[in-house]
Every structure is written in structure tokens, then in C-alpha cells.
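> Shown below is the structure under consideration.
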Amino acid sequence: MIGSQLRNLKRWNQILHVLVSHGFASFLREIGLGDAAASVLDKVLMKDEAELLRQPTPVRLRLAMEELGPTFIKLGQVLSTRRDLVPDEWAAEFSRLQSDCPKVPFEEIRAQLQQTLGDRLDELFSEIDETPIAAASMAQAHRAVMKDGRVVVLKVLRPGIRELIDSDMDALRLIARLADEHLPNQGIDPIATVEEFARELDRETDLEDEARSTERLEAMFKDEPSIRFPRIHWEATTRDCLCEDRVEGTLLADLDPETLSPEIRRAIVENGSRATFHQTLEVGFFHADPHPGNIFVHEDGSITFIDCGMTGFVDEETRLRLAEIVYGVVGNDPDAVTRAAVAIANIDDEDVDMVPLRSDVERMVSRFVGVPLERIDLGNVLDEFFQALRRHDLLCPPNIVLLIKAMGTIEGVATAVDPSFDLVAFTRPYIERLLKRRFSPRAVARRVRNLGVSLLQLGESLPGDVSSLLRRIRRNRLRIQLDLVAIEDVVAGVEDASERLGYAILIASLVMASSILVLASNGAGLTWYLGMGGFLFSATLAFGLIINSWRRRRRLKKLGLRLQRARGDR
């Protein structure tokens with residue numbers, strides 16, 4: 001325990017040092033760490049301070065993340081996909097964060113494999129290359145050969161990465177709490193954002209989860225030989241190690257499209273687009289990062305996706321709501337679009353000013369008036385729409401953001417590989433099928449049937465519920481429970497006000513009594529001393545009352561912020 005605390009203290013000092021050296025001392029002061037920032041600032045020697053501070057804030061923050069290492073690099077990479085949380089220019093800057101990290105010596109990697117696989121390590125593998133294929137922020141990959149001759153890739157977590165993440169997450173949670181307390185109304189919930197990032201890191205450091213995602217995606221395309229995913233070898237896969245087939249081919253990022261024939265380029269783009277839109281719009285489980293560095297290309301134009309650690313899930317109901325948005329855009333119906341968005345964002349109409357939101361949506365929809373369905377760019381429509389939600393402080397669900405990112409990424413791939421490819425026209429069948437599932441006569445009949453069943457169930461249960469209510473009323477056992485947010489704090493505030501009023505009356509009474517005693521004493525005797533003592537005691541009480549009032553004002557201010565956030569949560 002003490003060793004862990006000492007490591008955390010050392011890491012805290014490093015985090016403060018990096019933040020101060022990159023020009024974030026003012027932020028540390030604003031969240032209440034001014035003394036710590038000042039003590040570090042005295043020790044920091046910034047040779048290029050002037051040049052660094054001239055850089056834009058997003059650039060300085062990216063550089064600080066790179067210096068702080070894996071956890072913060074991954075945080076920046078996650079935020080680069082969350083344009084609902086950070087401005088576009090910040091997301092663009094964070095997307096420049098590279099996963100390439102210093103390579104871990106093979107002796108440490110082998111020790112990690114020995115620890116996670118035990119005696120099976122020598123039983124399973126005849127050869128493991130000491131030179132890594134890639135060294136990323138969370139894991140390192142090595143080529144290996146199994147006893148039966150199969151060539152595989154071993155993805156191994158960096159030794160000590162979980163301990164480092166735990167230490168860094170403690171620091172991030174503290175920063176989030178301080179930012180939430182001292183910097184309210186920033187448009188995001190820093191505590192919830194950090195907890196969401198913690199869950200993402202849990203998935204990233206569970207390689208069995210990545211293996212399950214890879215298998216699930218592979219099963220989707222078992223009848224599609226042109227779209228593949230690596231085969232997982234479970235006998236050599238654990239939470240710390242992922243063993244999968246080595247993909248033979250060329251990374252799309254390493255290819256010059258000009259060296260490929262037009263037919264192969266078209267096949268690559270069609271396969272990538274078909275895979276992404278099938279996953280996102282028809283199945284709802286998708287590879288959330290289909291960039292060129294995660295796609296292998298084969299000679300016949302078929303492709304293999306790798307690195308399935310970042311995935312997203314969008315349920316059927318949400319996908320149908322997306323169909324309502326498209327339908328409302330095509331039909332120039334801002335009300336339908338707004339209703340669908342509010343349903344997706346899972347908020348109540350009372351929690352948002354609908355008039356400016358609808359006006360903003362109407363302006364967006366008007367841009368697509370007269371545009372036929374086959375020319376609707378679904379990714380662009382969704383992106384613009386949820387950016388409009390963000391302008392009204394409404395958070396887009398994270399998986400919708402990942403869906404938009406996946407669509408945008410594959411669109412960028414298509415543009416780079418085959419600029420003549422009409423992606424908008426290619427997506428038309430997927431949009432039509434989505435609309436059909438929502439608005440076809442069969443779909444409407446199914447919803448009506450489900451509504452009828454729900455009403456029938458309600459009709460069956462209603463008499464019993466009413467009878468139970470009447471029995472409780474007759475027996476005087478009906479209780480109404482009101483859940484008032486922070487009612488204890490409100491009661492405490494009223495009690496504090498009553499207490500201050502009582503002290504004020506007591507002080508005034510003491511002052512009056514002391515004045516009478518002093519006037520009656522003629523300046524001498526015990527009566528005079530009692531009067532002066534009363535004045536001194538009154539002054540002490542008055543000073544204490546002033547200090548307590550100042551402290552209570554600060555407390556009430558924080559209470560108001562909590563109540564405001566609670567109303568937003570409702």
C-alpha cells in the first residue's frame with residue numbers, strides 16, 4: 001500500500017511538471033492546485049518556454065499527452081473521436097497522436113508471456129521473433145510460429161501497464177472532481193467523461209474482449225470471402241495476450257493507389273464500404289476505427305480488417321430513429337427530425353428549450369430540400385445534426401459518435417483510394433432498407449400490433465391496480481413519496497438562516513445591555529467592567545458570525561451548482 005502511494009506521488013509530480021511546463025499552470029490554479037503549480041514552476045526549467053506558449057492550446061495539450069505516456073495518449077485518441085465532447089479543432093489535433101511508443105525489451109515481453117501462459121508457452125510456440133512488428137501505447141506485437149507451423153501474431157500488453165493506468169486514472173479522477181467543482185458549465189460532465197474513459201481502458205486492456213469482438217465480426221462475413229478478419233487462437237489467448245493469424249497482404253496505409261488498377265481500387269472501396277455500412281446500419285455492431293492502418297489489402301481487392309479493440313454497438317431502436325432523421329430530412333419535416341434526436345439523446349422535452357433547437361434543426365434540414373434520397377450523404381447528415389445538438393448542450397450518445405466516425409473514416413478511405421467512387425449512391429440500398437424497416441406497411445402493422453398488445457396488457461392489469469389503490473385509500477395506507485433533489489441541503493440552509501438570525505438578536509441584546517451597564521457605572525466599578533466585557537463578547541460573536549456567513553455563502557453557491565446539475569440530469 002505504501003509503495004503504491006509513493007508511486008502515485010511520483011506520478012503526480014510528473015503530471016504536474018508536464019502540465020506546468022506546457023503552459024497549463026493557470027488551469028491548475030483555477031481548479032485549486034495553485035500552490036502545487038507554483039512549487040513545481042519554481043523547479044521547471046523551460047528552455048523553449050516562449051516558443052511553446054505561442055502554440056495554440058490544443059497543440060500544447062497534445063504535446064503534454066505525448067510526454068505523459070500511454071494513458072494520456074489513449075485519452076487523446078479517444079477524445080479525437082468524441083467531437084460531441086471537444087471542439088472540432090481539438091479533435092483534429094488529438095487525431096495526430098501516434099500510438100508508436102518505445103519498444104519494450106523482448107526479455108520483459110517473454111516474461112509477460114511466461115506469466116500469462118505458463119508452461120503452455122513452450123508447448124504452443126516453436127519460435128517468437130524478438131523484433132516487434134509494432135509497439136503501441138497499450139501493447140506490443142510480435143510474429144510467432146506455432147508448433148504446427150501456423151504463423152501468428154502475438155499481441156502482448158506492456159508489462160506494468162495496468163498499474164500505470166490505475167495511477168493515472170486516480171490523477172484524472174481528482175482533476176475531474178476539481179474541474180467539476182471550480183469550472184462549472186463547461187458543456188461536459190468531466191467526472192462522467194473520465195469514468196467513461198476508464199471503462200474504455202478496461203476494454204482496451206482486456207485482450208480476450210478484443211478476441212471476442214474479432215470473432216463476432218468475422219461471423220458476420222463468413223459468406224463474404226472478400227471481407228475477412230483474423231482467426232483467433234484461443235489456446236494462446238488471455239487477458240494479457242492475443243494470438244491471431246498473421247495477415248498476408250499489404251497495409252492500405254502503405255499502398256500507393258496509383259499503382260493499382262481501377263478495378264482493384266474499386267473492389268477495395270466497395271468491400272470496405274459494404275463492410276462498414278452492413279455493420280453500422282444492419283447489424284448494429286461495428287469496427288469503430290476502419291482507417292487505412294487497420295485494413296490489409298490483397299491482390300484480388302479483398303480486404304482484412306485488424307485491430308478490433310475499438311468497437312461500437314447501436315441497438316435496433318436507435319437505428320430506426322436514425323431512419324426517422326433521414327426520413328424527416330428528405331421530407332422537409334424538422335419536427336420529426338427534432339423528435340427523433342430528442343429520443344436518441346434520451347432527454348425530456350422539459351429539459352431543453354425546444355424553440356431554438358427546432359429553429360437550428362430547421363436551418364439544417366432546409367439545406368437538403370429538394371435533394372433526392374440517392375444523393376443524401378448519411379454520414380454528413382448525422383454529423384451536422386449531432387453537431388447542432390452539441391450547440392444546445394445536448395450530448396450525443398457515445399456509440400452514435402463512433403458510428404458517425406466509422407462512416408466518416410471509410411468515406412475518407414474511399415476518397416483517397418478511388419476519388420471517382422460514388423459513396424453516396426452506394427449507401428442508398430442500406431438507407432432504403434433502414435427506412436423500409438421503419439416505415440413499410442409491414443413495419444407499421446408490426447408496431448400497431450405491438451401497441452395493441454401493450455394496450456391489452458394495460459387493460460388487463462388496470463382493474464387490479466385501481467382496486468389495490470382504492471384498498472390502500474380505505475385503510476389509510478396510501479403514502480406519497482416525493483424525491484426532492486438535495487432536500488437535506490435546503491433544510492440545512494433554512495436552519496442556518498434561523499441560527500444566524502438568533503445570533504444576531506443575541507448580539508444586539510448584549511450590545512444594548514452592555515451600553516446600559518456602561519452608562520450606569522459612571523466609568524468605574526464592577527458594572528463598568530461587566531459592560532465592557534459584554535462589548536468584547538459581542539464583538540467576538542459578531543466576528544464569528546461574519547466568518548460563518550462567508551463560509552455558508554460559498555456552500556450555498558456550490559449547492560446551487562449541484563441543484564443545477566441535478567435538474568440537467570433529470
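Every number here is computed from the coordinates shown, using simple stated rules; none is lab data. None of the values given here were measured: they were computed from a predicted structure. Neighbour counts run over all protein chains shown; Cβ positions are idealised from the backbone, glycine included.
> Arranged by the count of other C-beta atoms within 10 angstrom, fewest first, what order do Lys222, Lys405, Lys436 take?
By the 10 Å Cβ count, ascending: Lys222, Lys436, Lys405.
> What size of dipole, in debye to the nearest 20, comes out for the stretch 162-279 about its Cα centre when the only charges are +1 on Lys and Arg C-beta atoms and -1 on Asp and Glu C-beta atoms?
420 debye
> HN-Hα J couplings of the stretch 337-345 from phi, Karplus 6.51/-1.76/1.60, θ = phi - 60°, integer Hz, Gly and Pro as x?
Calculated HN-Hα couplings, in order: 5, 5, 4, 5, 5, 4, 5, 5, 6 Hz.
> For the pair Gln14/Arg477, report the inter-label distance in nm, with labels modelled 7 Å from Cα in the Cβ direction.
6.3 nm
> Between rounded, prolate and oblate, where does the stretch 175-274 land on the alpha carbon gyration tensor, with a ≥ b ≥ c its root eigenvalues, rounded for a/c under 1.5, else prolate if a/b exceeds b/c?
In terms of gyration-tensor shape, oblate.
> Please work out how much length the chain gains when fully extended from Asp335 to Ser468, using 0.36 nm per residue of separation minus the C-alpha to C-alpha distance, in nm with one decimal.
Extra length available between Asp335 and Ser468 comes to 43.9 nm.
> In nm, to one decimal, how far is the modelled label at Arg110 from the one at Gln457, with both set 7 Å along Cα→Cβ?
That separation, rounded to one decimal, is 6.1 nm.
> Something else about it: If each residue's Cβ is checked for other Cβ atoms within 10 Å, how do Met512, Met407, Met364 rank with the fewest at the top?
Listed from fewest to most nearby Cβ atoms, that is Met512, Met364, Met407.
> Residue separation times 0.36 nm, minus the C-alpha to C-alpha distance between Arg203 and Ser126: what's the value?
Taking 0.36 nm per residue and subtracting the Cα distance, the gain is 24.7 nm.
> Next question, about the same structure. Full-extension gain between Glu215 and Phe313, please, as 0.36 nm times their residue separation minus the C-alpha to C-alpha distance.
Gain on extension, Glu215 to Phe313, equals 33.8 nm.
> Okay, moving on. For the stretch 413-425, take each phi angle, set θ = phi - 60°, evaluate the Karplus expression 6.51 cos²θ - 1.76 cosθ + 1.60, and give the result in whole Hz per residue in order, putting x for glycine and proline.
With coefficients 6.51, -1.76 and 1.60, one gets 4, 4, 5, 6, 7, 9, x, 7, 6, 8, 5, 4, 5 Hz.
> Moving on. For Ala520 and Asp353, what does the FRET efficiency come to when R0 = 56 Å and r is the distance between their Cβ atoms, rounded to the nearest 0.05?
0.25
> I've got another one for you. For the residue pair Leu545 and Glu195, what label-to-label distance in nm results when each label sits 7 Å from Cα along the Cα-to-beta-carbon direction?
Reported label-point gap for Leu545 and Glu195 is 4.2 nm.
> At a Förster distance of 41 Å, what's the computed FRET efficiency of Arg391 paired with Phe426, Cβ-Cβ distance as r, to 0.05?
0.85
> Which one of Met220, Ala198, Thr116 is farthest out on the positive end of the charge dipole of the stretch 99-246, using unit charges on Cβ (Lys, Arg +1; Asp, Glu -1) and the Cα centre as origin?
My answer, from the dipole projection, is Met220.
> Suppose every K and R has +1 on its Cβ and every D and E has -1 on its Cβ; what is the size of the dipole of the stretch 251-439 about the Cα centre, in Debye to the nearest 20?
400 debye
> Another one. If amide H atoms are built 1.01 Å from N in the plane of the peptide, which residues on other chains or at least 5 residues away come under 5 Å of the amide H of Leu260?
none
> Shifting gears a bit: If we count other beta carbons within 10 Å of each Cβ, what is the order of Glu89, Glu66, fewest first? Please list the in-between numbers first.
Numbers: Glu89 12, Glu66 16.
Listed from fewest to most nearby Cβ atoms, that is Glu89, Glu66.
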